[in-house]
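Working notes, structure below.
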Amino acid sequence: MMNAYLKALRAPFLTGSVVPVIIGAALAFKEGVFVFSYFLVSLIGVAGLHLGGNLINDYYDAGGSDPVNLRLTPFSGGSRVIQNGEITRGTVLAMALFFFAIGVFTGLWLVFEGRPLVLVIGLMGLVAGWTYSAPPLQLMSRGWGEVLIFFSFGPLVTLGTYYVMSGSLSSSAFILGIPQGLFITDVIWINQFPDYEADRRAGKNNLVVRLGPKISRYFYCTIMSMAYVSVILMISLRGISPLILISFFSFPLAFKGMRILWREYLSHEGIIPAQALTIQALIAHGLLLSLAIGFSRFFWK
């Protein structure tokens, strides 16, 4: 039973929210305002909101596309714990509310620690996690889910983490979240290819459904390329340390993922390596970016 609960959490996808927390913390370290206890609380709060979002997504998809989805992969199609009878739909909802509550509790603690804007930033994250899947908005079905994911798992998290550390807002913290936001958008994007038929039949009109898989290949490659172009723009337009160019060492993973998707976009089995490579590129790029930002404290002013 415990394995079923862990499966429902889809915890491996936490990398999408943990890595931008690390990026925001790296900027705080670079500027000499890093606080380890606040870093841990930020991780717990962001993870709570992310897990709550995963669970509420499973809860609502159980009444939508998941029951008719036969093109499953390890990265898409939901956790399947409801469809397999391992956990009831009501229990999944209760778990979602529990993890959302963890996010709210950590946010309130930070507010009382003298970080009042956490109330605004955290509320934005909570609303994003809920409205992505839940009616009446259900933005994942209206072509706005991808935009919401970009903002929520990129600039919002890096800005919020830096604010928790420093007590002040920073445009650099916001901008440094842009590449990560693009990567997590591509994770969502590529996972919609195997789900295409089920999503279309269930009326889950995300952007891949609206554009079709053939055209969506171009957008996947464009989004991935934009993640790397944004790094160059941050150096040239914002004066951020050129050390962040080491994040380009992750590009071979991204390029291989693009090649596989381009060729296998109609095969839900053939696309699996590209799904894995997209996540690996996200992690590698984010950690390399964080290292570069941290080291720039000593090599770049």
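The values are calculated or read from the model by the stated rules, or taken from the named source; none is laboratory data. A quick note: this is a predicted structure, and the numbers were derived from the prediction, not measured. Neighbour counts run over all protein chains shown; Cβ positions are idealised from the backbone, glycine included.
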I'd like to check which helices (runs of 4 or more DSSP H) are fully inside the stretch 118-181 and have at least 2 residues that are out of contact with any strand residue (DSSP E or B) (no Cβ under 9 Å at 6 or more places or on another chain) and surrounded by 22 or more Cβ atoms within 10 Å (Cβ to Cβ). 118-131, 145-152, 155-166
Could you give me the residue pairs with C-beta distances under 7 Å whose first residue belongs to the stretch 59-73 and is at pLDDT 85 or above, whose second residue is polar (S, T, N, Q) wherever it lies, and which are 6+ apart or on separate chains? 60/133; 73/275
Quick one: what pairs do we get from the stretch 246-263, first residue farther than 21 Å from residue 288 by Cβ, second small (Gly, Ala, Ser), C-beta under 7 Å, 6+ apart or different chains? 260/274; 261/274
All positions within the stretch 187-205 that are of a type in the set (S, T, N, Q), closer than 25 Å to residue 225 by Cβ and not in a helix (DSSP H, G or I): 192
Output for the stretch 169-203, where each listed residue is touching a residue at least 60 places away in the same chain (Cβ under 8 Å) and among the charged types (D, E, K, R): 186, 195, 197, 199, 201
Quick check on the stretch 278-301: of everything there that is within 18 Å of the chain's Cα centre (by Cα) and buried (at least 22 other Cβ atoms within 10 Å of the Cβ), which residue is nearest to residue 26 (Cα to Cα)? 290
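Yes or no, residue by residue, for (1) among the polar types (S, T, N, Q); (2) closer than 21 Å to residue 294 by Cβ; (3) touching a Pro at 6+ places or on another chain (Cβ under 6 Å):
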residue	(1), (2), (3)
21	no, yes, no
28	no, yes, no
35	no, yes, no
45	no, no, no
56	no, no, no
60	no, no, no
64	no, no, no
69	yes, no, no
85	no, no, no
Is it the case, given these coordinates, that residue 111 is without any contact (Cβ under 8 Å) to a residue 60 or more places away in the chain and not aromatic (Phe, Trp, Tyr)? yes
Enumeration of residues in the stretch 234-258 that are surrounded by fewer than 14 Cβ atoms within 10 Å (Cβ to Cβ) and either part of a loop (DSSP other than H, G, I, E, B) or modelled with pLDDT of 95 or more (or both): 239, 249, 252
Any residue at all in the stretch 259-270 that is buried (at least 17 other Cβ atoms within 10 Å of the Cβ), outside any loop (DSSP other than H, G, I, E, B), under 19 Å from the mean Cα position of the chain (by Cα) and at pLDDT 95 or above? no
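Residues that are over 30 Å from residue 299 (Cβ atoms) and without any contact (Cβ under 8 Å) to a residue 12 or more places away in the chain: does the stretch 3-11 have at least one? Spell out how you get there, then give the answer.
So the first thing to find is which residues in the stretch 3-11 are over 30 Å from residue 299 (Cβ atoms), and the list is 3-11.
Still in the list and also without any contact (Cβ under 8 Å) to a residue 12 or more places away in the chain: 3, 6.
The answer is yes; a qualifying residue exists.
With the structure loaded, tell me whether residue 61 is among the charged types (D, E, K, R) and more than 19 Å from the chain's Cα centre (by Cα) or whether it fails that test.
Working: among the charged types (D, E, K, R): yes; more than 19 Å from the chain's Cα centre (by Cα): no.
No, not satisfied.
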Given (1) in contact (Cβ under 8 Å) with a residue 24 or more places away in the chain; (2) surrounded by fewer than 22 Cβ atoms within 10 Å (Cβ to Cβ); (3) of a type in the set (Gly, Ala, Ser), residue 225 misses just (1)
Over the stretch 216-241, the set of residues touching a Phe, Trp or Tyr at 6+ places or on another chain (Cβ under 6 Å) and of a type in the set (A, V, I, L, M) is 227
